[in-house]
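One structure below.
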Amino acid sequence: MISTLDLRTQIWQTVLLKWQGVISVDEQLSKVGPRLRAARQRLGWTLDELADRAGLSVSTLSRLESGKRQSSLELLLPLTRQLGIGIDELVRADTPDPRVRRRAYRRNGTLIAPLSPEASPVNAFKMTYPPQSTLSEPGVHPGFDWVYVLSGTLRLRLGDDELTLHPGEAAEFDTTTPHSMCAAGPQAAEVISIFNRDGARFHTHGADGFPDDD
C-alpha cells in the first residue's frame with residue numbers, strides 16, 4: 001500500500017533538485033491544481049467523471065484543483081493514472097526565462113555588454129574597444145581567453161608577439177602569458193569574448209571587484 005507523503009518531499013526529491021534556486025516549493029505547489037484541471041479538461045471530463053474514475057469524492061477533487069486542499073501522492077496517483085500523465089507533469093519546474101538582462105557599462109574606455117547570466121560558469125561579453133595609440137600594460141590570470149572579432153580590427157599583444165585580428169577571425173590563448181588588447185586603426189573594434197571567472201574579473205571588473213560605470 002502506498003503511504004501518504006507530503007508532496008513537498010516528492011517535489012524536492014524529483015524535480016526541484018534540478019532547478020534549485022529557480023523556483024520555490026510553494027510556487028510549485030500552487031501550480032499542481034491548475035495543471036490537474038487542465039489535464040482533465042483536455043480529455044473533456046467533468047469533475048464528476050474524473051472523481052468517479054479515480055475513486056475520490058467530487059469535493060476532494062474540486063478542492064485539489066482550486067488549491068484549497070494540500071496534494072499528496074495518495075491523492076495524485078489515482079488521478080494521474082486515469083489522466084494518463086505522470087506526477088512529474090504536475091510538479092515540473094517551469095523553464096526559466098533564458099533572456100539575459102544585464103546592462104552594459106564602461107571600464108577604462110571599453111564598452112562591456114554581458115551576454116551570459118551572472119552566475120554562469122562561462123562568462124561571455126561583447127567588448128567594444130576604442131581606438132588608442134598605445135596598448136595598456138599586459139596582465140596575466142589563470143585560464144584561457146577566447147575572442148572573435150565582429151567589426152573593426154583588434155590589436156592583440158601576447159607575450160613578445162603582436163597580432164592583428166580582422167572581422168571573422170578568432171583567437172584562443174593561455175592567459176598565463178602576458179596579454180593586452182585594443183582597437184587598431186581609427187575605428188572601434190567589436191569583439192565577442194569568452195572568459196573563465198578569473199578572466200572575467202581581470203578584463204571586466206574594477207579594482208574593487210565590481211564594474212566601473214562611467
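The values are calculated or read from the model by the stated rules, or taken from the named source; none is laboratory data. If you're wondering where the values come from, they're calculated on a predicted model, not measured in any experiment. Heads up, the Cβs are rebuilt from the backbone with ideal geometry, glycines too, and the neighbour counts pull from every protein chain shown.
Numbers below:
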{"read-out": "Cβ pairs under 7 Å, 6+ apart, first in the range 188-212 and among the β-branched types (V, I, T), second at pLDDT below 80", "value": "T204/P211"}
{"read-out": "Sole exception among (1) among the charged types (D, E, K, R); (2) under 19 Å from H203 (Cα atoms); (3) within 25 Å of the chain's Cα centre (by Cα) for R92, by number", "value": "(2)"}
{"read-out": "The range 140-169, residues that are in a strand (DSSP E or B), over 13 Å from Y129 (Cβ atoms) and hydrophobic (A, V, I, L, M, F, W, C)", "value": "F144, W146, L158, L163"}
{"read-out": "Residue selected from the range 100-127 under the condition in a strand (DSSP E or B) and modelled with pLDDT under 90, by the criterion surrounded by the fewest Cβ atoms within 10 Å (Cβ to Cβ)", "value": "R107"}
{"read-out": "Among residues of the range 40-57, those that are in contact (Cβ under 8 Å) with a residue 40 or more places away in the chain and either not assigned by TED's automatic domain parsing to the domain that holds Q82 or not in a loop (DSSP other than H, G, I, E, B) (or both), counted", "value": "1"}
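Results for (1) touching a helix residue (DSSP H, G or I) at 6+ places or on another chain (Cβ under 8 Å); (2) not charged (D, E, K, R), shown as yes or no for each residue.
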| residue | (1), (2) |
| --- | --- |
| A38 | no, yes |
| L43 | yes, yes |
| D48 | yes, no |
| G55 | yes, yes |
| T60 | yes, yes |
| S71 | yes, yes |
| E74 | no, no |
